[in-house]
Each structure stands twice: as structure tokens, then as C-alpha cells.
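Inspection log for the structure reproduced underneath, given as C-alpha cells.
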Amino acid sequence: METQARLIVDVARLEEDGERFTGELPVETLELGESQVFSLAGGLSYDLFIQELGTELLVRGTLKLPLNCVCVRCGGDFTAVAQDPKFVTSIEISDSTDFLDLTDEVREAIILALPGYPVCSSTCKGLCMTCGKDLNKGECTCHQAGNDRRWAALEGL
């Protein structure tokens, strides 16, 4: 069985003023599962500053995860980045703590940054509910005068 890369900090060898850690975690390490509206386009990039403060380890930095998304309005493909530019976590440590795995904390933070409703742009018009035409590429003829039959059932009342 192959072991996956993890974000492990050697607390015992950490510099007194703290250290900067940068790198990338492979997609498989995150175990994010599958989604119908996005797929992972690369590994998670991290840029962290880790500092020991008494009985805790303070971790601050940025997290970025590239995504291939499907717009939930128009169905078009686009790329995006799930990111946490102000990632902060504090973990209690003791004198016997030599190594600390930050993978779970980083994974939870990036899950919260994933788009729940990805749209290609804030001005996306979506699809026509009648004919399915992409309204970003032009107007359809479904709703011209006399063609809108959505309220037809109520006209007989």
C-alpha cells in the first residue's frame, strides 16, 4: 500500500522565531471526493508561516486549489481557484510533541473555500427555461410578444 504525502511539521526542529513552509500537496492527499460541478485541476498550493508560541503552534498563510468548474447557470466550462488567503489555525502541543500533521486542518479549510454554486461570471444570464438557448450568446425568441405561454393555464379561470 502506497503512503500519501502529508503536511508534517517537525516541531522539535522548528526555528525559535518560526519558519515559512511552501509547497504543494497532491490531489489524492486531500480525499475530497467527486462533485458534479467541479473537478480538481491540480494540487493544493500552500504558503504557511509556522511559529511555536508557548504550548501552541500558530499556523498562518494562504491555501490555493485550482478547479475546473461547470457553471450552474449556463452549463459552460471555466477555471477557478478555491482559496483561503487568511488561513489561521492554532494547535496545542506539549514538550513531547515532535511531529505534527497539518493535513486535516488544511483539508478542512479548503473544503470551506470550495464553491457550492459555481458561476462563470456574476453577469451570467444562464439558459432559457423554454428552449435551452444560452442567453449569454444572444436572446431567444421564446418570450417575444404572444409566445410566452407560462400563464396560459390561468387564462381560462
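Please treat every number below as a calculation from the coordinates, not as lab data. Here the structure is a predicted model, which is why all the values come from computation and not from measurement.
Some observations on this one:
- Listed values [x] 44, 40, 30; [y] 45, 34, 30; [z] 80, 34, 25, entry calculated as Cα extents along the principal axes in Å: [z]
- Spatially, segment 70-106 and segment 25-44 are offset by 12 Å when compared through their Cα centroids.
- Cα long-axis angle, helix 103-113 against the chain (0 to 90 degrees, to the nearest 10): 20
- Straight Cα distances below 21 angstrom link K64 to the lysines K86, with same-chain residues fewer than 8 positions distant left out.
- Rel. contact order, % - alpha carbon contacts under 8 angstrom, at least six apart, the chain: 20
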